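Step one of this worksheet: look at the structure below.
The values are calculated or read from the model by the stated rules, or taken from the named source; none is laboratory data. Keep in mind that this is a model prediction, so the values were computed, not measured. Please note: Cβ atoms are built from the backbone with ideal geometry, for glycine as well, and neighbour counts cover all protein chains shown.
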Amino acid sequence: MAVRKRHLKRKDSTASSTSVLAMAPADGDETVADIRTPEQPLTGRTPDGTAFAVPKTRDMLQSLFNPLTPKTTFDIVTLAMLSTHLLVALLLPLAVKRTVLMASFAFWRLCYNGGLGWVLNWQSSRHGLVAMFKRNGWLDPSRGGKLHLWLKSELEAKMGNDYSFEAVPIEFNAWLLYRQLVDLILLNDFTAYFFLCSCYVGSASDSEPWQAFLRIAGGLILLAFNLWVKIDAHRVVKDYAWYWGDFFFLVEQSLTFDGVFEMAPHPMYSIGYAGYYGGSLITGSYTIFYASLAAHMLQFLFLSLVENPHIEKTYERPPLAVQVIKRSRNRRLSLALSDPGDCAVDDAVASGIASSIRERPTSLWHPDLIIFKNFDLFRASDILIMLLLAYSVGIPLGFMWATGHVRLVLVYSICQCVGWILFRTLALGFLLKRQSTSQLITRWYIKHGGNGEEAFTSWRAVCNTATIMTYGSFGLVALAAYHWGDADYSNLILFHTLGLLLIAFHVWSSRSVYETLGDFGWFYGDFFARDPSMLSLAPADIKLYYTGIYRYLNNPEKVIGQAAFYGLALISRSWAVFALALLLQICYFLFSAYVETPHMEKIYGAQVRRESGIVRTVKKAVSLGIGQPLFLGSESYIDDESRHVGEDVPESSGMANLLASTTNPVRNILLETRGLLSTTTARLAERALPSELSKIDHLGCYGLKLLPGAAWRTSATKNPSNKAAKSTYFLGEPIRVDWQAPLNHSRRDWIGIYPVTANFSNQITTVSSKGRYVYIHPDENLLAEMVVGDSVFAGIVKGTSK
């Protein structure tokens, strides 16, 4: 893969900066925190590279419900739709208004998750909404006519003095119009739910007054918590991210986590809907609970299908080399067996295909069994695990159903489950403790002619077997103890629903832990990699990073890693299953306190975090929330009232100057720290993965060649020997690139622009291009503006004609 330097030079200046243009194979809710001073405007950048000052947006609630604020047509329509819910709640009979409001809530919720989700996905993948406005000319003064004038007047009425309809790009105006649709749908969704809950207040039949008191108090606590989450989330992300602004344009801000975003992943979609369950508790209605649960599930579906793909495309880092290797294994094998003429590579590369596959580590082409993932029917260890599971769980179940001796099987299953719990936590914990202090397992294998790799391989098999058998034995106890008899049907459905939710939560948390730690961390690999050479890292370079689910919890397995077992206790309505789940959690606490934590402190020292993200956020909220106003203004924008106060009080100007002088050094420290962290991360990846880079999908087939620009044509007449001018371009000048790729490459391959020092290798990118990329096969249905701008790419595929 060819990589070229790019020198950007202003036509009226000699200053230049350096970036990298890189081509990579396709197999390869964050929050935005602002550290600018209030005087600095927020700078936005459209996909074609146009930079603009982002005007201040007004608060939606103020513009709608403040009687002194002039109302636009959009506001009047929204208020009219909201008033219909009030009329339904006041005028219709109880049974009718329950049906109407339930249908209204379902309609607006589907409009939110389905309608807005489709529009956002269309905008993210094809820039469809902006393209529609461009194609029809509705925002173009020369083509829009009366519709353009009406839209202009509507938007100007909702914005401040710093907004000019003609001065901002079409992407910003399209986003403002999209905001009106969002306000209409979200407010009607909330209003329909509120009045629906009001129709069910008092429908619960509590047997005791204290039960009703606890239920209502718990509901109010959840509502207050929901309100705090929404307020704090809006404080952090502001209107730009609140209304999905990065689907339309990007802003020059840094991605970081703050406030409630340290407490839970995607808090506006997860804990931000705690109010749903607060409303369910206050009403005491199963109807409200299941309606809330269905709406929340739709929200998670919206997150998975719309938000996450866009976040990964816009902000997330590409996968590391070892992940790319795993994903491209099948493609690489197919290339090795295909006609060599399909890919023009050197003879040395072609002849080394088979040997590189043979030299690949076993874990890459024959990965280990992770629970039941990567199960291989012809691998002896996998077959033995299945036989053990069949003997321990399958045969007792068959015996119970054939003979009806439930109590006997229950006693057997409880004893077996206790044995596996003690083996998984205490026995393996003792071995890990000895491994940490004296390398017991590794030394045993070396003593008997093995090595450290064999020790770790055997440990992985034993650890995975113990985990599978713990799960299997719990399932056997739950099946043997399952009994409901003549229990109330509503309780039966409720307990099964809650149990299934806990099981789903357990699956999600386990997957999050595995995605963060990988195979190595999942099996406690740092207990075996005592020699830093195993990781190609010097001791001084060993760093501890809290990413993924560990950003919120220091040890998720200890805190929420047993959720599925409590779910089984609810489903089976068995105190025995609950006691076993409690025993397992206690054993995990002991395992963490006496095995994991001491080892982590020995390796990472002071880097081990004492407080989790959740604890820090709660403490910060408690310490800062006392005596503070409920709603805080944005740090980036100063409202008109605060400006008047500053003008009237002379001392305020001195305080503002003091704050401004203090902000700049703090901002510089933050920028330097962020740069140091990114450099350290790149250095770690550089030292850990260089041996794997040559194994990725015939990188020799990929290449880039920069075509000379205007700077070369200008200097060629004066100094033809100036080769540096070939890779020098004026700022804003299109960069044309000839690329080459294998004939069977992915049509989603892309070319991006990066700073020269951003990536440790010229073959693998480890940072985001921040939207500065284009696909090499752009969608022919997109407007031309979406595939040109800072970079114009033209390429051929070897094996085809130009």
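Please work out which one of (1) at positive phi; (2) crowded, with 18+ Cβ neighbours inside 10 Å is the condition residue 282 fails and give its number.
(1)
Taking helices (runs of 4 or more DSSP H) that fall entirely within the stretch 108-196, which contain at least 2 residues that are of a type in the set (Asp, Glu) and farther than 27 Å from residue 268 by Cβ?
Answer list for the stretch 108-196: 141-158.
Quick test of your reading of the structure: residue 211 fulfils all but one of (1) modelled with pLDDT under 85; (2) closer than 20 Å to residue 64 by Cβ; (3) of a type outside the set (Phe, Trp, Tyr). Name the failing condition by number.
Going through the list (1) modelled with pLDDT under 85; (2) closer than 20 Å to residue 64 by Cβ; (3) of a type outside the set (Phe, Trp, Tyr), residue 211 breaks only (2).
Six or more apart or on different chains, Cβ atoms under 6 Å: show the pairs whose first residue is in the stretch 371-396 and not assigned by TED's automatic domain parsing to the domain that holds residue 414 and whose second is charged (D, E, K, R) and part of a loop (DSSP other than H, G, I, E, B).
382/376
What residue, of 295, 291, 233, is buried (at least 20 other Cβ atoms within 10 Å of the Cβ) and in contact with a Lys or Arg (Cβ under 8 Å, 6 or more places away or on another chain)?
The unique qualifying residue is 295.
Check 421, 493 and return the single one that is in a helix (DSSP H, G or I) and surrounded by fewer than 16 Cβ atoms within 10 Å (Cβ to Cβ).
493
Sort through 261, 289 and tell me the only one that's touching a helix residue (DSSP H, G or I) at 6+ places or on another chain (Cβ under 9 Å), modelled with pLDDT of 80 or more and in a helix (DSSP H, G or I).
289 is the lone residue from the list that is touching a helix residue (DSSP H, G or I) at 6+ places or on another chain (Cβ under 9 Å), modelled with pLDDT of 80 or more and in a helix (DSSP H, G or I).
Output the helices (runs of 4 or more DSSP H) that fall wholly within the stretch 538-646 and possess 1 or more residues being at pLDDT below 85, or say none.
Passing ranges, in order: 556-560, 597-604, 613-625.
From the residues in the stretch 52-106 that are hydroxyl-bearing (Ser, Thr, Tyr) and part of a helix (DSSP H, G or I), which one is farthest from residue 294 (Cα to Cα)?
73
Against the definition (over 22 Å from residue 457 (Cβ atoms), modelled with pLDDT under 80 and buried (at least 16 other Cβ atoms within 10 Å of the Cβ)), how does residue 503 come out, yes or no?
no
Give the residue, chosen from 200, 163, 178, that is in contact with a Ser or Thr (Cβ under 8 Å, 6 or more places away or on another chain) and surrounded by 14 or more Cβ atoms within 10 Å (Cβ to Cβ).
Of the residues listed, the single one that is in contact with a Ser or Thr (Cβ under 8 Å, 6 or more places away or on another chain) and surrounded by 14 or more Cβ atoms within 10 Å (Cβ to Cβ) is 200.
Could you tell me how many of the residues in the stretch 123-161 are within 34 Å of the chain's Cα centre (by Cα), under 23 Å from residue 47 (Cα atoms) and of a type in the set (D, E, K, R)?
The number of residues fulfilling the criteria is 3.
Condition check ((1) of a type in the set (Lys, Arg); (2) on the phi > 0 side of the Ramachandran plot; (3) assigned by TED's automatic domain parsing to the domain that holds residue 175) across all residues:
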| residue | (1), (2), (3) |
| --- | --- |
| 57 | no, no, yes |
| 73 | no, no, yes |
| 97 | yes, no, yes |
| 107 | no, no, yes |
| 127 | no, yes, yes |
| 149 | no, no, yes |
